[in-house]
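Notes to accompany the following structure.
The values are calculated or read from the model by the stated rules, or taken from the named source; none is laboratory data. The structure presented is a predicted model; accordingly, all values stated were derived computationally and were not measured. Don't worry about glycine lacking a Cβ; one is built from the backbone with ideal geometry, like all the others, and counts go over all protein chains shown.
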Amino acid sequence: MDILKNKTRPVFPFTAIVGQEEMKLALILNVIDPKIGGVMIMGDRGTGKSTTIRAVADLLPQIEVIQDDLFNSHPSDRDLMSDFVKNQTEKGIDLSTVFISVPMVDLPLGATEDRVCGTIDLEKALADGIKTFEPGLLAKANRGILYVDEVNLLDDHLVDILLDAAASGWNTVEREGISLRHPARFVLVGSGNPEEGELRPQLLDRFGMHAEIRTVKDPSLRVKIVEQRSKFDTDPYVCLKEFQNQQESLKNSIIKAQQILSSVIIDYDLRVKISEVCGALNVDGLRGDIVINRAAKALAAYNNKNQVGAKDVKKVITLCLRHRLRKDPLETIDSGNKVRQVVENIFGIQ
């Protein structure tokens, strides 16, 4: 049987998506280095936000996990292991592993805190009198992607929980006498329509990147988008086959970038200029500086370079800073002109 037909539900190929380069770049860089801190994608309705996010998850190579583990524990990286798996490996017990697709978890708007963080398995508690932890969506998302559509409509305290877990890589649960901590290292992707309201500046600042999506105005591009979608809807497998080589090529570039990321360096002078830009724009805190450094390294690795250049910084700096300039919740997010102006003054026009 054709490899493509093994897919339970065909996903639109990432390389077939026309335009929206800003969103695609932000997603790829977060996949290369999840420590960038996720991406907030804001834009018009019907611009392919959800399609693109599902497509990037489908593109990623499979990951090795401990079989039957509830937290997708890594077989050798202790930071990605549950406490149970850690104990077993310390005792020298060999645990069998399996390869699974990268988890792609959708967080519904009506989700409760228990559903997100995990809770006590009441069925087991009532039947056997044992307090057992029932994992939530954060456990399922470990080592994968957690996607929140309409994140601007989600309760602020839930957004806070998600951002805390995404930043620390751990989820701590305190419930009715159960105290448990498990790894929750995931790429947090939020999307929304600005017409329905923005997130508070304090929460927005916690997202590593902010991509803006606009409806394509060029008629020929619009026709191309409609044709691609129609082709996929008519026969998804023909469309998948057509883009198979491009998908494999992009997948290999991402794997290579992940492997060389730790060896990429960024010069002191360049780091000073990044901080100069953040200072000139009056960006609160140092999160902006850190994210730009990480994103520029990820972009250099993606381009198969071991040193960050000024062009790498210029390409990611607007994505990393535009949502950090808003001091007043009633202000709109800068489209990037303010950032570009300061960058040109400090880096010079090239």
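Regarding Tyr268, is this residue exposed (fewer than 15 other Cβ atoms within 10 Å of the Cβ), over 28 Å from Asn152 (Cβ atoms) and at pLDDT 90 or above? So Tyr268 fits the description; yes.
From the list Ala211, Ala280, the lone residue that is within 21 Å of the chain's Cα centre (by Cα) and at pLDDT 85 or above is Ala211. For segment 84-104, a tally of residues being outside any loop (DSSP other than H, G, I, E, B) and surrounded by fewer than 19 Cβ atoms within 10 Å (Cβ to Cβ) returns 10. Looking only at residues of segment 124-140 that are within 24 Å of Ser73 (Cβ to Cβ) and in a helix (DSSP H, G or I), we find that the one that is modelled with the lowest pLDDT is Lys124. If I ask for residues that are without any contact (Cβ under 8 Å) to a residue 40 or more places away in the chain and more than 25 Å from Ile317 (Cβ to Cβ), which ones from segment 195-228 would you list? Those that are without any contact (Cβ under 8 Å) to a residue 40 or more places away in the chain and more than 25 Å from Ile317 (Cβ to Cβ): Glu195, Lys217, Asp218, Pro219, Ser220, Arg222, Val223, Val226, Glu227.
In segment 163-209, of all residues being part of a loop (DSSP other than H, G, I, E, B) and of a type in the set (A, V, I, L, M), the one that is surrounded by the most Cβ atoms within 10 Å (Cβ to Cβ) corresponds to Ala184.
Does Leu146 qualify as being modelled with pLDDT of 85 or more, crowded, with 18+ Cβ neighbours inside 10 Å and out of contact with any Gly (no Cβ under 9 Å at 6 or more places or on another chain)? Criteria not met by Leu146. Residues in segment 243-255 that are touching a residue at least 24 places away in the same chain (Cβ under 8 Å) and of a type in the set (D, E, K, R): Lys251 alone. Of note, Lys231 does not satisfy the criterion of being over 30 Å from Val159 (Cα atoms) and not in a helix (DSSP H, G or I). Restricting segment 18-51 to residues that are among the β-branched types (Val, Ile, Thr) and either buried (at least 20 other Cβ atoms within 10 Å of the Cβ) or touching a strand residue (DSSP E or B) at 6+ places or on another chain (Cβ under 6 Å) (or both), the residue that is modelled with the lowest pLDDT is Thr47. Of the residues Ile346, Ile333, the single one that is in contact with a helix residue (DSSP H, G or I) (Cβ under 6 Å, 6 or more places away or on another chain), assigned to a helix (DSSP H, G or I) and either surrounded by fewer than 23 Cβ atoms within 10 Å (Cβ to Cβ) or modelled with pLDDT under 65 (or both) is Ile346. For beta carbons closer than 7 Å, sequence separation of 6+ or different chains, a first residue in segment 290-312 that is assigned by TED's automatic domain parsing to the domain that holds Leu270 and a second that is crowded, with 24+ Cβ neighbours inside 10 Å and of a type in the set (Ser, Thr, Tyr), there are no qualifying pairs.
Quick grid of which residues meet (1) of a type in the set (Val, Ile, Thr); (2) in contact with a Lys or Arg (Cβ under 8 Å, 6 or more places away or on another chain):
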{"residue": "Asn193", "(1), (2)": "no, yes"}
{"residue": "Val226", "(1), (2)": "yes, no"}
{"residue": "Gln247", "(1), (2)": "no, no"}
{"residue": "Ile255", "(1), (2)": "yes, no"}
{"residue": "Ile290", "(1), (2)": "yes, no"}
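Kindly indicate the residue of segment 229-243 that is in contact with a Leu (Cβ under 7 Å, 6 or more places away or on another chain) and surrounded by fewer than 19 Cβ atoms within 10 Å (Cβ to Cβ) and also nearest to Ile317 (Cα to Cα) among those meeting that condition. For segment 229-243, the residue satisfying everything is Lys241. Can you tell me how many residues within segment 69-80 are in contact with a helix residue (DSSP H, G or I) (Cβ under 7 Å, 6 or more places away or on another chain) and either modelled with pLDDT of 85 or more or aliphatic (A, V, I, L, M) (or both)? Residues meeting the conditions: 4.
Taking segment 87-108 as the range and being closer than 15 Å to Phe186 by Cα and not acidic (Asp, Glu) as the test, the residues that pass are Ser101, Val102, Pro103, Met104, Val105, Leu107.
The residues of segment 52-83 that are surrounded by 15 or more Cβ atoms within 10 Å (Cβ to Cβ) and either free of Cβ contacts under 8 Å to residues at least 12 places away in the same chain or in contact with an Asp or Glu (Cβ under 8 Å, 6 or more places away or on another chain) (or both), listed by number, are His74, Pro75, Ser82.
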